[in-house]
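Below: one structure, written as structure tokens.
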Amino acid sequence: MSHQVHAFEPPERFVAGTVGAPGERTFFLQARGGGRLVSVALEKVQVSLLAEKLEELLTEAQRRFGVQLPEPTVAVGDNGPLDTPVDEEFRVGTLGLAFDVDTATVVIEAIATGEGEAEVELGGPEDDDEEDADDDEEPDETLDRLRVRLTPEATREFIERARRVVNAGRPPCPLCGQPLDPAGHLCPRHNGYHR
């Protein structure tokens, strides 16, 4: 079975977004460019970790290579809904990150779920060529993947939107931290009484 590599270098738009009501949301990464639209599904925790690791990658690239980073903005950037139709190409199992020193761009690679569980891998800024990062992933060569290349500015915008999307869900219970349903929830800190 052949695998597909959906490459957007760079995309016209690359965002994290959701479909569904809070508590029933499905999270997606969506890339658009060159008349193509690719949406891949992933877990909320993967979106949160991706934003966190991208921030770390930008900080490390600035420290090690002197890359000029844009300041975090307070202004709301791309806050539009996902482009339609939202057709899931595959479910993400592994996320790989690298910084290409030659082009001063961030490379994000979302690889389809394989035999193992979902995980997040971080390639450090020393991974200055995406082909080098792929050499370590022999078992994953047969899996579909989405690859995007972003400028530091576009990466910063992606991080801000991803954080907004993750935080837009159900509020946490102040006692146990579990998400509150509209009708409340059975809080373990209250011995099973509704909160």
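The values are calculated or read from the model by the stated rules, or taken from the named source; none is laboratory data. Being a predicted model, the structure only gives us computed values, none of them experimental. All Cβ positions, even for glycine, are placed from backbone atoms using ideal geometry, and neighbour counts span all protein chains on display. SASA here: full protein model, heavy atoms, side chains in, ligands and nucleic acids out. Shrake-Rupley method; radii C 1.70, N 1.55, O 1.52, S 1.80 Å.
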Response to the item:
Looking across segment 44-58 at residues that are touching a Leu at 6+ places or on another chain (Cβ under 8 Å) and open to solvent by 40 Å² or more (accessible area, probe 1.4 Å), the single one that is farthest from THR26 (Cα to Cα) is GLU56
Worksheet item: Can THR26 be described as within 13 Å of ASN167 (Cα to Cα), more than 10 Å from the chain's Cα centre (by Cα) and of a type in the set (Ser, Thr, Tyr)?
Response: no
Discussion item. Just to be sure before I move on: is PRO70 touching a residue at least 40 places away in the same chain (Cβ under 8 Å), touching a helix residue (DSSP H, G or I) at 6+ places or on another chain (Cβ under 6 Å) and in a loop (DSSP other than H, G, I, E, B) in the structure I sent?
Written reply: yes
Item to complete: Look through GLU12, GLU55, GLU24 and report the one residue that is out of contact with any Asp or Glu (no Cβ under 6 Å at 6 or more places or on another chain), touching a residue at least 24 places away in the same chain (Cβ under 8 Å) and of a type in the set (D, E, K, R).
Response: GLU55
Response to the item:
Given (1) assigned to a loop (DSSP other than H, G, I, E, B); (2) open to solvent by 70 Å² or more (accessible area, probe 1.4 Å), ALA21 misses just (2)
Practice prompt. Return a yes/no flag: does segment 2-10 have any residue that is open to solvent by less than 10 Å² (accessible area, probe 1.4 Å) and either over 15 Å from ARG161 (Cα atoms) or modelled with pLDDT of 95 or more (or both).
Written response: yes
